[in-house]
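Note sheet for the following structure.
The values are calculated or read from the model by the stated rules, or taken from the named source; none is laboratory data. Since this is a predicted model, take the numbers as computed values, not measurements. Cβ placement follows ideal geometry from the backbone for every residue including glycine, while neighbour counts extend to all protein chains displayed. Just so you know, the surface numbers come from the protein's heavy atoms only, side chains and all, with ligands and any DNA or RNA stripped out. Shrake-Rupley method; radii C 1.70, N 1.55, O 1.52, S 1.80 Å.
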Amino acid sequence: MIKQDFDVVIIGGGLAGLTSAIHLSKTNFSVLLIEKNTYPKHKVCGEYVSNEVLSYLNYLGFNPFEFGAKQISKFELTTHNNKTITASLPLGGFGMSRYQMDYQLYKRALETGVEVLQDAVTDVNFTSNNFQIETKSSKSFQAKIVIGAFGKRSNLDVKFNRKFITKTSPYLGVKIHVSGNFPEDKVALHNFKGGYCGVSKVENDHINLCYITDFKAFKKYKDINAFQNEVVFKNSALKDVFKSSKPEFEIPLTISQISFETKSPIEKHIIMCGDTAGMIHPLCGNGMGMAIRSSQLASQLIIDYLQEKIKTRSDLENQYTKQWYKTFKWRLRAGHTIAYLFRQNWLAPILLSGLRWFPFLLPKIIKMTHGKPMIIK
């Protein structure tokens, strides 16, 4: 029987929710994590993680390489008309499926004493400096702090009347795992007209293929296979990896209405983490790293607040907002700019030619969307 009062309730059990739950529970606060799905579960995700978060994951007691994660040090970029450039990744990273990573972090959360409830949150109310959380199964909880880590889009975004939710979101994401030959130390980003696809190996020697495209462009075709044959496979590197591999999913996973609109790190006194606070374009390949880093920012400040080192809730919210923008503002801006430039089909080959002439620029561009190794306090 789960108790009703907690120091912290976390809504959403993805990377941001799970890592903040572990961090806070390790510091002996009572934590309830509410997740609507069961573990393990596949998600539409690029499944490449920057090494900037490795020290923090190790601090939480999680080593991705114990579960088959692939070390990645090389990067390849192609344009829709098959121009190619390669580079070494400044920090490197690793490839690991969300199916495995979320599941192992979930088990780690249970080990540290986190209470996990499979349910959906329907409402959150803040009164008298305390939160009241209501769920679909008519359960009710109280908490001093609520973290929102419920992903890209949620009914709660509508409930809270968040500005971005009213705007059209024209993107579609598609993901599949396949078996075949692909270097396990490389992540590739292959562009096609109207979108781009990330390719990298994860555990079990599976290859993750995850692409994002403009939904209007996709709707011109009767199904995913037709779209891939007519559009995606114009990129010869993508055609090779799709055609020479064996699908591991019966059907691809899809997600629509992906939004890159500006969001707020604080809503209704709820501290937002991960994609709930803001998304970097998948073109930049660092959404998972950003989610994990944002949970560390939130957790450290929440600990200071609960230990009364931060005196007021207003100070907590202001400090989190300031630190979030300081950490991510320029990454997000760089991500928007890079994605915009590569969506211009006439411009992308010119940009790539420039990078071939000045190859030292590519690692610098990669650094603009990534952070330095995380410091553990």
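In whole percent, how big is the carbon plus sulfur part of the accessible area of the range 181-323, probe 1.4 Å, protein atoms only?
Summing carbon and sulfur atoms, their accessible area is 46 percent of the total for the range 181-323.
At a Förster radius of 35 Å, what calculated FRET efficiency corresponds to the Cβ-Cβ distance of LYS222 and THR38, to the nearest 0.05?
Result of the calculation: an efficiency of 0.60.
Give me a comma-separated list of calculated 3J(HN,Hα) values for the range 197-205, in order, Karplus coefficients 6.51, -1.76, 1.60 applied at θ = phi - 60°, integers in Hz, x for any Gly or Pro.
Couplings: 10, x, 10, 7, 7, 10, 4, 6, 6 Hz.
Out of the DSSP beta bridges found with both residues in the chain, what percent are antiparallel (nearest 5)?
70 percent
With the other protein chains left in place, how much accessible area per residue, in square angstrom, belongs to the chain at a 1.4 angstrom probe?
Counting only protein heavy atoms, the per-residue value for the chain is 46 Å².
GNM on the chain, C-alpha springs below 10 Å: top fluctuator among PHE150, PHE192, PHE358?
In this elastic network of the chain, the residue with the biggest mean-square fluctuation among PHE150, PHE192, PHE358 is PHE358.
For a protection proxy built on the mean count of beta-carbon atoms within 10 angstrom, sort 293-299, 85-91 highest first, please.
Ranked from most to least packed, the peptides come out as 293-299, 85-91.
Using alpha-carbon positions, what is the distance between the centroids of the range 59-113 and the range 1-25, in Å?
23 Å
Would you mind checking which residues have amide H under 5 Å from ILE72's amide H? H placed 1.01 Å from N; only 5 or more apart, or other chain.
GLY93, PHE94, GLY95
Answer rounded, prolate or oblate for the range 88-181, using the Cα gyration tensor with square roots of eigenvalues a ≥ b ≥ c: rounded when a/c is under 1.5, else prolate when a/b is larger than b/c, else oblate.
oblate
Starting from the Cα gyration tensor of the range 141-225, take the square roots of the eigenvalues, sort them a ≥ b ≥ c, and report rounded, prolate or oblate (rounded when a/c is under 1.5, otherwise prolate if a/b is larger than b/c, else oblate).
Taking the square roots of the gyration eigenvalues as a ≥ b ≥ c, the range 141-225 is oblate.
If the elastic network links every pair of Cα atoms under 10 Å, which of VAL199, VAL114, VAL231 fluctuates the most in the Gaussian network model of the chain?
Highest fluctuation of the listed residues: VAL231.
Can you give the accessible area of LYS83 in Å² (nearest 10), computed on protein heavy atoms with a 1.4 Å probe?
That residue has around 90 Å² of solvent-accessible surface.
Could you sort THR168, THR213, THR122 by their accessible area in this structure, using a 1.4 Å probe and putting the largest first?
The residues order as THR168, THR122, THR213, largest area first.
Starting from 0.36 nm per residue, how many nanometres of slack lie between ASN129 and ARG333 once their C-alpha separation is accounted for?
Residue separation times 0.36 nm, minus the Cα-Cα distance, leaves 70.0 nm.
According to the square roots a ≥ b ≥ c of the eigenvalues of the Cα gyration tensor, what is the shape class of the chain, taking rounded for a/c under 1.5, prolate for a/b larger than b/c otherwise, and oblate for the remainder?
Prolate is the answer for the chain, as a/c is 1.5 or above and a/b outweighs b/c.
Whose amide H sits under 5 Å from the amide H of SER30, counting only residues 5 or more places off or on another chain, with H placed in the peptide plane?
Amide H neighbours of SER30: ASP7, VAL8.
Which is farthest toward the positive dipole end of the range 204-336 among ILE251, CYS210, ILE266, measuring Cα position about the Cα centre, with Cβ charges +1 (Lys, Arg) and -1 (Asp, Glu)?
The Cα lying farthest towards the positive end belongs to ILE266.
Where does each of 138-145, 68-75 land if you order them by average Cβ count within 10 Å, highest first?
Per-residue mean Cβ counts within 10 Å order the peptides as 68-75, 138-145.
Can you list the residues, at least 5 places off or on another chain, whose amide H is less than 5 Å from the amide H of TYR196, using H built in the peptide plane?
ILE212
Along the charge dipole of the range 75-164, pointing to its positive end and built from +1/-1 on Cβ of Lys, Arg, Asp and Glu, which listed residue (VAL121, VAL146, HIS80) has its Cα farthest out?
After comparing all options, I get HIS80.
Can you give me the solvent accessible area of ARG356 with a 1.4 Å probe, rounded to the nearest 10 Å²?
Looks like 120 Å² after rounding.
Kyte-Doolittle cut-off -1.0, length cut-off 27 Å along the helix's own axis using Cα: show which whole DSSP H helices in the chain pass.
Length and hydropathy pass: 287-306.
Taking all protein chains together and a probe of 1.4 Å, list GLU134, GLU111, GLU250 from the most accessible to the least accessible.
The ordering from most to least exposed comes out as GLU250, GLU111, GLU134.
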